[in-house]
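The values are calculated or read from the model by the stated rules, or taken from the named source; none is laboratory data. The structure displayed is predicted, hence computed values, not measured ones. Cβ: placed from backbone, ideal geometry, glycine included. Neighbour counts: every protein chain shown. Heads up: the accessible areas ignore ligands, DNA and RNA and are worked out on the full protein's heavy atoms, side chains in. Shrake-Rupley method; radii C 1.70, N 1.55, O 1.52, S 1.80 Å.
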Amino acid sequence: MSGRGLRYTLGIVWCRVVPAWCFRYRCMEIVRLGKSSADGEPNDQKTADSYEARKVETAEELERVQRATLYNGASSQESSSHLNDAAGNEPAETAYAVFRTQATDRSSQSESESESSSQIVGGVWIAMQSFIERDLHLQIDLAEHQRWLFAARMMPEERSRGAYSVLLRKLLSAETTSDSTDERGADAGEVTQVWAAINPANHRSVRAHARYQITTAGRIHLIRIGPLAVAWQGRSSAECAVTICPKWTWHGTKSPIRMTVSSVTGLSDSTANSA
């Protein structure tokens, strides 16, 4: 189980045995992530020296991130060109990768220094505009200033070594920076929000994201039985609201359940981000 918890491990086994078109259930904690108050250089300088993270820049790196995260970007997009939206503007998805910059204790003794310095050992994806959970017939609609974090994964031999923290710090620093000249934001000076769905049964994921969690919009539950998909809200938040419409569908591929997240407090993003 490797720190993930019994329920989550059994869920993984179930999903490998039972096809998605037959049955799926998931509970999601919808959380907003931001730069931690404890951010800066990692406490362990060895971790800082062993890993670096950045947005991927080439098609070759993108393919390597797909292999590391077990995510095929084309599977979540309607068009085969998953890197660009229908208007040919900015990418609808982008990826960040963490690289091992030097050999670690768990590295193969035969691995060359050049191979080690360029090895992608994990990654995470960011969606803009919308993201589709096809197995659940759920579409997450995003505002211009919102991003959706998903498909985060580290190679097994690199887990619990601080690499994911290096990756998450880099991503959140890049994606949540306020820029009054950035025309992509809803308003000048608005801080971009990074949201994610955390499975509360996945103890490792809960721990990994805890220090970066700014607020929660509550929990949602989704169940799919054949063509029928149903969603309902569990625990809710006083700061942010999750809207689900419709709450069920018989034709998820054409008319998925749609989810949005919005503020209900009237507090500015900059205030929430500094709290």
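Observations
- Selected residue [open to solvent by 40 Å² or more (accessible area, probe 1.4 Å), closer than 29 Å to A241 by Cβ and among the small types (G, A, S)] from S173, S160: S173
- Unique residue being more than 23 Å from M128 (Cα to Cα), at pLDDT 95 or above and either open to solvent by less than 30 Å² (accessible area, probe 1.4 Å) or not basic (K, R) (or both) when the list is L228, L222: L228
- The set of residues from region 235-250 being among the hydrophobic types (A, V, I, L, M, F, W, C), within 15 Å of R32 (Cβ to Cβ) and part of a strand (DSSP E or B) comprises C240, A241, V242.
- Candidates A68, A59, A87, A53, filtered to the one that is exposed (fewer than 12 other Cβ atoms within 10 Å of the Cβ) and at pLDDT 70 or above: A59
- Residue match in region 251-260 (condition: outside any loop (DSSP other than H, G, I, E, B), surrounded by fewer than 18 Cβ atoms within 10 Å (Cβ to Cβ) and either hydroxyl-bearing (S, T, Y) or at pLDDT below 95 (or both)): yes
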